[in-house]
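Take a look at the structure below.
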């Protein structure tokens, strides 16, 4: 796991050259990348959501596409369209911006539900189908979607099916006082992203993503993950709990966090740290809880606090290691 830890540290340090004072959020983005998942960045304007996506693409030497969602956007504006070529006498596919590696879906909740649905196949199956023809997306493929939590006019809330396809939800927040002064100093002459260099290739990302699958999850931790997710379905404050996809995401995110910390096994603390960004956006708060001004984040915090964490040794036994080799 030392290679993954070194890979993650190098990537995080490179991103911190542009995004100042937000190491926790950057680590979550890297976890999403290692798990080949998509990330929803929800925050106010001007805190670096778009810059974070651009910095990630430049750090990985990957292709980058930005889709600025608007209410009049059509699904074909995202996926692409077939155009008749008179010279060749046949239809040719003109790829849309979704066919890339790092995709920024900016203000995704400003698009109509029909256009939002154009992303579903791409996010889940890593392919798009246009006029009956299927086009495989390049790898790695990651959608970084942004939405503004304070502007509701002219927005269309994401449906539960699409929210469930986002591996993590991340919030950047405002920088601290000293960090904001540092931003002023670093951007006095030019923006740091202009000098940002790639630190990893696409094949290295895919190799790291494959390697984290080998991180050991003990039976006790598996029960802990499952118990935590199932409690979201049993809480009286939750109308709709996390699906089994949420259980899988919580386990895989815990594996990635363990690998980034140089371990070959998952600890309950790994599960606790990623539970909020993995589960909070997957639940629907009940009307009664809304009247009491309970948020999804607060409910998940209570579930994490009340779920008994297992104890003991969570490393893989020597005999079991031999069987898996």
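Read-outs: derived from the displayed coordinates by stated rules, not from any lab. Worth saying up front: this structure is predicted, and the values here are computed from it rather than measured. FYI the Cβ positions are ideal-geometry reconstructions off the backbone, even for glycines, and counts take in every protein chain you see.
The angle separating the long axis of helix 177-186 from the principal Cα axis of greatest extent in the chain is about 40 degrees.
Extending 7 Å from the Cα toward the beta-carbon at both residue 236 and residue 74 defines two label points whose distance is 5.2 nm. The angle between the Cα long axis of helix 268-279 and the main principal axis of the chain comes to about 30°, on a 0 to 90 degree scale. Taking a ≥ b ≥ c as the square roots of the eigenvalues of the alpha-carbon gyration tensor, the chain is classed rounded because a/c is under 1.5. Relative contact order of the chain: 22 percent, from C-alpha pairs under 8 Å at least 6 residues apart in sequence.
Summing -39500 (n - 2.57) over the DSSP H runs of n ≥ 4 in the chain and dividing by its residue number, what mean residue ellipticity at 222 nm do you reach, to the nearest 500 deg cm²/dmol? Walk me through the numbers on the way to the answer.
Values: 15 runs with 147 residues, N = 325.
Value at 222 nm, helices only, nearest 500: -13000 deg cm²/dmol.
In degrees from 0 to 90, rounded to the nearest 10, what is the angle of the helix 296-306 Cα long axis to the longest principal axis of the chain? Around 20 degrees separate the two axes.
What the Cβ-Cβ distance of residue 87 and residue 120 gives, at R0 = 35 Å and to the nearest 0.05, is a FRET efficiency of 0.50.
Between the C-alpha center of region 219-293 and that of region 31-86 there is a gap of 26 Å. Kindly identify region 88-129 as rounded, prolate or oblate by the Cα gyration tensor criterion: order the square roots of the eigenvalues as a ≥ b ≥ c, call it rounded if a/c is under 1.5, otherwise compare a/b with b/c, prolate if a/b is larger, else oblate. It is prolate, given that a/c is not under 1.5 and a/b is the larger ratio.
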